[in-house]
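The values are calculated or read from the model by the stated rules, or taken from the named source; none is laboratory data. What you see is a predicted model; the values in this text were computed from it and never measured. Cβ placement follows ideal geometry from the backbone for every residue including glycine, while neighbour counts extend to all protein chains displayed. When the accessible area is computed, the model is the full protein with side chains, heavy atoms only, and any ligands, DNA or RNA have been set aside. Shrake-Rupley method; radii C 1.70, N 1.55, O 1.52, S 1.80 Å.
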Amino acid sequence: MRISVNVDGVTYADEVEPRLLLVHYLRERLSKTGTVIGCDTGNCGACTVHLDGHSVKSCQMFAVQANGHEVTTVEGLARDGKLHPVQEAFRDNHALQCGFCTPGMIMQAIDLLADEPDPDDETVRKGLEGNLCRCTGYQNIVRAVQDAAHHMRPGAGPRLEQHTDEDITAKQPVGGE
């Protein structure tokens, strides 16, 4: 089946099997390896990306379901070599250990902050419920999300992901099969 999907500001047109999961399309076809394969059941959240500005678990979605939509991966967050405020906050607050869950946590945190620009501890923990971390006690993750909230303008969330036309024309899309 032929799909056209905008990933991190670049439109890709590819022929895909209808059963190909979005996570596999991103990793294997587009080399977006920051999107991690964790459990393949949607329980861990490591594969979280944004679809039209909202978090989804890419192991629970077929690539054909992303046809005509915008997907943002963790690789698409940085601008002009500068990390997204949530990425900076995770680094600055030591909100990771092995780093396996970090991309999904960051993507979910951005979505949370779009809806809750000044979350308390309980709101952060509830907002990250579907993302698991085996290494931390979550306290530094909660602290990082709250730190990012203080460094972001209210409601900025997914709007920070949008690329300008200049960004898009500066990149070359990967050819389809």
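I need to check one value: relative contact order of the chain, counting alpha carbon pairs closer than 8 Å and at least 6 residues apart, in percent.
Over the chain, the number comes to 27 percent.
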If you roll a 1.4 Å probe over the heavy atoms of the protein chains, what accessible area per residue do you get for the stretch 85-152, in Å²? 50
How large is the accessible surface of Asp92 in square angstrom, using a 1.4 angstrom probe and rounding to the nearest 10? 90
Over the Cα atoms of the stretch 2-76, how large are the radius of gyration and the largest Cα-Cα distance (Dmax), in Å? 10.8, 30
Long-range amide H partners of Tyr12, meaning residues 5 or more apart or on another chain whose placed amide H is closer than 5 Å, are Val5, Asn6, Val7
If you build a Gaussian network model of the chain, linking Cα atoms that sit under 10 Å apart, which residue out of Gln139, Gln108, Gln87 swings the most? Gln139
Relative contact order in percent for the stretch 65-156 (Cα pairs under 8 Å, 6+ apart) equals 38
How big is the accessible area of Lys57 in square angstrom, nearest 10, if you roll a 1.4 angstrom probe over the protein chains? 60
Which angle from 0 to 90°, rounded to the nearest 10, does the C-alpha axis of helix 102-115 make with the longest principal axis of the chain? 80
Between the helical axis of 139-151 and the dominant principal axis of the chain, each derived from Cα atoms, what acute angle in degrees is found, rounded to the nearest 10? 80
What is the sum of charges, Lys and Arg at +1 and Asp and Glu at -1, for the other residues whose Cβ falls under 10 Å from the Cβ of Gly45? 0
Amide H proximity to Cys133 below 5 Å, modelled H, separation 5+ or other chain, gives none
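With a 1.4 Å probe and all protein chains in place, put Val56, Val142 in order of accessible area, largest first.
Val56, Val142
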Gaussian network model of the chain, Cα springs within a sub-10 Å range: biggest mean-square fluctuation belongs to which of His50, His84, His151? His151
